[in-house]
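Structure record follows, encoded as structure tokens.
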Amino acid sequence: MQKKVLVIEDSSTSMKLITKLVQQALLIPVCASSLTAARHMFGHSNPEEYLCAVVDYNLPDAPNGEAIDFTIESFIPTIVVTGRLDDDTREHILSKDVVDYIPKENAQVYDYLSRLLARLDKNKDIGVLVVDDSRVGRASMASLLRLHNFQTFEADSAQQGLAILHERPNIQLVVTDYHMPDMNGTEFVAELRKSMTKERLAIIGVSAGNSSLLSARFLKSGANDFLHKPFCQEEFLVRINQNVEYIENVEAIRRAANSDYLTGLPNRRHFFYSVNHVTRNQPNHQVIALIDLDHFKKINDTYGHDAGDKVLKDVAKILASQFSDVYVSRFGGEEFCIYLPDINPIEAIERLEQLRESIQSRNIKFQQQVLKVTTSIGVTTIGRKNLEAMLATADSLLYQAKSDGRNRIVHDHNVS
Ligand SMILES: Nc1nc2c(ncn2[C@@H]2O[C@H](COP(=O)(O)OP(=O)(O)OP(=O)(O)O)[C@@H](O)[C@H]2O)c(=O)[nH]1
């Protein structure tokens, strides 16, 4: 469900800018130009409907941050924007349980706000583990993380931390103290790095130790970052967000490198990588199917390239849903490939026949038109060690399916 953002701001220029950012983040702005209007608009709404509130510190009927108290008391995570840049205001704002404080210094603050809104929305699915034997230390870091919507887990020892990580695959970040009873922080980091890379799990070391060597030891043991205690709330959260963004960016690059831009299916390179892993274990039976759309050029020529793209996307969806248990790829153009390991060849051919029929009977909607397409499929059931050799056989069977009239399967099972 699309979440709402309560915006309380008396400057119409700022309101316009913030409203636009909220909409760009695919959230619904609920706008009020004063505290009174905000109370009226919020009424008895359910705070769960709101992702957060963006509140101006100084309003005509709330000159000293009273609107912040209202949103916090209403259980809405609160981001404060203010034109006041003095330290007293900053201290006053940060003494309250706000998500963040954004001084209106320059145009960059709106970029920061935009990223913050996107983060708050995404953070609800991200786990962060805090490992510290001090209950107070753990609780203070965990409560800051909760303000930023993270799913937060706490461990009072390295062993407990390892157990929680094992149970919670959505943990993307660990914040660990150095002094712990069973294992120190750098030993804990080294242990984690045995199974999880920096790109899969970010680790931030924290310590009150005076030695500047400690940060180097954490980093050399595999931590992504380090913070000296006591740290300021803003620095802690900025570092947390930066490290989470790093993991997300690496994942986005990995996904883009491995998938076909149009259909989202694994691309040829990734298919070879995954399938070569499986073939090394020499599965009992292996089936490879090469699937090629028939007379696809005619669809492009008649209805345009966008219509052709829509056909490719719809066919890819059918493939992905009917063969989610095996390996599917768009090889390029209008050609797809499926690799089925450990399968009875007859069952594989039946499944591929169902696929051919599903594609043939699908009404593909493009603008006001309904498009139809058929496929020719070459299937080799003679498993070989070498993937290229199986593909070459499937290709010649596909060629035969085309020359026999298209919209059919040609296979080599039990053909002498
Ligand atoms: N819309 C669209 N067309 C593509 C894409 N990639 C390749 N094509 C087109 O796919 C068509 C393939 O045409 P051909 O190789 O002649 O094959 P065909 O028309 O399907 O004929 P047969 O395979 O012999 O049945 C060409 O017109 C390419 O431009 C794509 O990503 N999108």
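The values are calculated or read from the model by the stated rules, or taken from the named source; none is laboratory data. Because the structure is predicted, anything quoted here is derived from the model rather than measured. Neighbour counts run over all protein chains shown; Cβ positions are idealised from the backbone, glycine included.
In the stretch 230-265, which residues are farther than 29 Å from SER95 by Cα and charged (D, E, K, R)?
Once the filter is applied, which keeps residues that are farther than 29 Å from SER95 by Cα and charged (D, E, K, R), the stretch 230-265 yields GLU248, GLU251, ARG254, ARG255, ASP260.
Do you know which residues across the stretch 327-347 are among the aliphatic types (A, V, I, L, M) and either within 11 Å of the ligand (Cβ to nearest atom) or farther than 19 Å from ASN407 by Cβ (or both)?
The answer is VAL328, LEU340, ILE343, ILE346.
Spot the failing condition for ILE253; the list is (1) assigned to a helix (DSSP H, G or I); (2) closer than 30 Å to LEU397 by Cβ; (3) without any contact (Cβ under 8 Å) to a residue 40 or more places away in the chain, and only one is missed.
Tallying (1) assigned to a helix (DSSP H, G or I); (2) closer than 30 Å to LEU397 by Cβ; (3) without any contact (Cβ under 8 Å) to a residue 40 or more places away in the chain, ILE253 fails exactly one: (2).
Looking at the stretch 237-284, which of the residues that are basic (Lys, Arg) and surrounded by 14 or more Cβ atoms within 10 Å (Cβ to Cβ) is nearest to MET390 (Cα to Cα)?
Going through the qualifying residues, I end up with ARG268.
Taking the conditions exactly as written (modelled with pLDDT of 90 or more and not in a helix (DSSP H, G or I)), does GLU154 satisfy them or not? Walk me through how you get there before you give the answer.
Working: modelled with pLDDT of 90 or more: yes; not in a helix (DSSP H, G or I): yes.
Here the answer is yes, as GLU154 does meet what is asked.
Could you tell me whether any residue of the stretch 30-50 is under 16 Å from TYR110 (Cα atoms) and either modelled with pLDDT of 90 or more or over 22 Å from the mean Cα position of the chain (by Cα) (or both)?
No: zero hits.
Restricting to the stretch 101-150, name every residue that is over 30 Å from TYR178 (Cα atoms) and touching a Leu at 6+ places or on another chain (Cβ under 8 Å).
ILE102, PRO103, GLU105, TYR110, LEU113, SER114, LEU117, ASP121
Could you check the stretch 256-326 for helices (runs of 4 or more DSSP H) lying wholly inside it with 3 or more residues that are more than 11 Å from the ligand (Cβ to nearest atom)?
268-280, 305-322
Looking at LEU214, LEU237, LEU227 in this structure, which one is within 26 Å of VAL136 (Cα to Cα), aliphatic (A, V, I, L, M), modelled with pLDDT under 95 and not in a helix (DSSP H, G or I)?
Of LEU214, LEU237, LEU227, the one residue that is within 26 Å of VAL136 (Cα to Cα), aliphatic (A, V, I, L, M), modelled with pLDDT under 95 and not in a helix (DSSP H, G or I) is LEU227.
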